[in-house]
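Contents: one structure, followed by commentary.
The values are calculated or read from the model by the stated rules, or taken from the named source; none is laboratory data. Model, not experiment: these values are computed from the prediction. Note that each Cβ is placed from the backbone with ideal geometry, even for glycine, and that neighbours are counted across all protein chains shown. The area values use the complete protein model at the heavy-atom level, side chains included, leaving out ligands, DNA and RNA. Shrake-Rupley method; radii C 1.70, N 1.55, O 1.52, S 1.80 Å.
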Amino acid sequence: MNSAAPSASPAAVELSAAPDRAAAAERAAQLFEESFGYQPDGVWSAPGRVNIIGEHVDYQDGLCLPMAISHRCFAAAARTPTNRLRLRSVQDETVLDIDARTLSPETVTGWPAYVAGVLWALGSRISGASTRGMDILIDGQVPLGAGLSSSAALECSAAEAIEDLLSLGTEPLDRVRAAITAETDFAGASTGGLDQSASVLSREGHALFLDCRDFSTRPVPWDLASQGLALLITDTRAEHSHVDGEYTARRADSEQAARELGVDTLRDVEATDPAALETLLATIQDEVVRRRAHHVITEIQRVREFGALLAAGTVRENVTELGALLNASHDSLREDYEVTVAQLDVAVDAARAAGAHGARMTGGGFGGSTIALVEAEQAEQVAAAIAAAFTEQGFEAPVFFLALPSEGAGQDR
Ligand code: GLA
């Protein structure tokens, strides 16, 4: 056979290599010195995340199962004997130089708001006599706009740096809450707390079972590599934004559903008996609100089932059932919650057709990324099938990498 004969299988694609954390921290320290003219006191970092399952439920007190990825945001920082907060970024020209005592929600815009907001949110912990001055250089390596929580990584790396520079004595959960407050009350972006919890509290080699009722967490072993499995991330490159009305509209729909059902949040609704659930949901007047509630309630139940399967055995032993839950989650987000876009659906459909055990969008939706649970040896093949489907649809080429369960926020050097 002629070696130039056309092949039926799609062209090979490359999975991006996992970033080297130590090298990236070193680079951030060097860039700080180039930028500010002296060496930083330290470098801190926080990871982006994927959510394995439990989507659009955090703001209804739901259950989620995120994990930190190996892409991180680095904050090289030093305390100064002043009250000036000076911020610079490797990725963005916008800088900030402000009296830290004057911070209030309207005073800062753009990316610096996510850092200044954390200092503002931690303000009550800073002793009155203490100066608040610091220089921070941000090197954000979580892909932007990919639905992988680059803003949570930014906030949480800043929270670690500020905690250590000012010796505030906060607990990790205090920093989670400060990052949430920074995003919602200072930067003015809606968030339910999933992203910040994952970025601060994740453990290497584990996923994080997160109960958004009280933000309590439990690390769950999630070592796919040793079981010959992998979680493939596809950054679809579809423009992603939920600061606009859609995210807020979904929250409002769920709140309305909870009011009509007479519960504080949809977490309070039982979902084990599908027929009883249908009867209950039929009492919701608006058909769209009814579907929104159906998603949230059944998604929380899927997380329970996912968690029970992980407690009962390894991912390998339960891979078919776990994959089916991932698929059901995506289908519910597509049909009932309507937060997918064509690129997300095409990536998920192509992954399933190419042999993934399960695939779904991850994060807020309206663009962003998908995940697929695959045999490790088939990861590149599945990626190639997704890439081919994107070419066929005329979409921009996606970017692929593996979700390697990484350590939450902390100090690097
Ligand atoms: C975004 C928000 C999170 C969560 C997800 C959907 O990532 O920031 O709080 O609501 O969407 O699960």
Could you list all residues from the stretch 43-65 that are at positive phi and more than 11 Å from the ligand (Cβ to nearest atom)?
Asp61
Given the structure, is Arg177 within 16 Å of the chain's Cα centre (by Cα), open to solvent by 40 Å² or more (accessible area, probe 1.4 Å) and among the charged types (D, E, K, R)?
yes
Is it the case, given these coordinates, that Trp111 is under 21 Å from Val200 (Cβ atoms) and open to solvent by 40 Å² or more (accessible area, probe 1.4 Å)?
no
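For (1) within 15 Å of the ligand (Cβ to nearest atom); (2) over 15 Å from Ala207 (Cβ atoms), each residue gets a yes or a no:
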site: Val303; (1), (2): yes, no
site: Leu309; (1), (2): no, no
site: Thr314; (1), (2): no, no
site: Asp331; (1), (2): no, yes
site: Gly355; (1), (2): no, yes
site: Thr370; (1), (2): yes, yes
site: Gln378; (1), (2): no, yes
site: Ala383; (1), (2): no, yes
Inspect all residues belonging to the stretch 151-158 and state whether any of them is touching a residue at least 60 places away in the same chain (Cβ under 8 Å), surrounded by fewer than 17 Cβ atoms within 10 Å (Cβ to Cβ) and within 16 Å of the ligand (Cβ to nearest atom).
no
Please work out which one of (1) surrounded by 15 or more Cβ atoms within 10 Å (Cβ to Cβ); (2) β-branched (Val, Ile, Thr); (3) without any contact (Cβ under 8 Å) to a residue 60 or more places away in the chain is the condition Val319 fails and give its number.
(3)
Out of all the residues in the stretch 52-79, which are within 12 Å of Val303 (Cβ to Cβ) and among the β-branched types (Val, Ile, Thr)?
Ile52, Ile53, Val57
Elements of type helices (runs of 4 or more DSSP H) in the stretch 173-287, at least 2 residues being within 16 Å of the ligand (Cβ to nearest atom)
194-201, 245-261
Condition first: under 30 Å from Leu373 (Cβ atoms), assigned to a strand (DSSP E or B) and at pLDDT 95 or above. Now tell me which residues in the stretch 4-53 satisfy that.
Ser45, Ala46, Pro47, Gly48, Arg49, Val50, Asn51, Ile52, Ile53
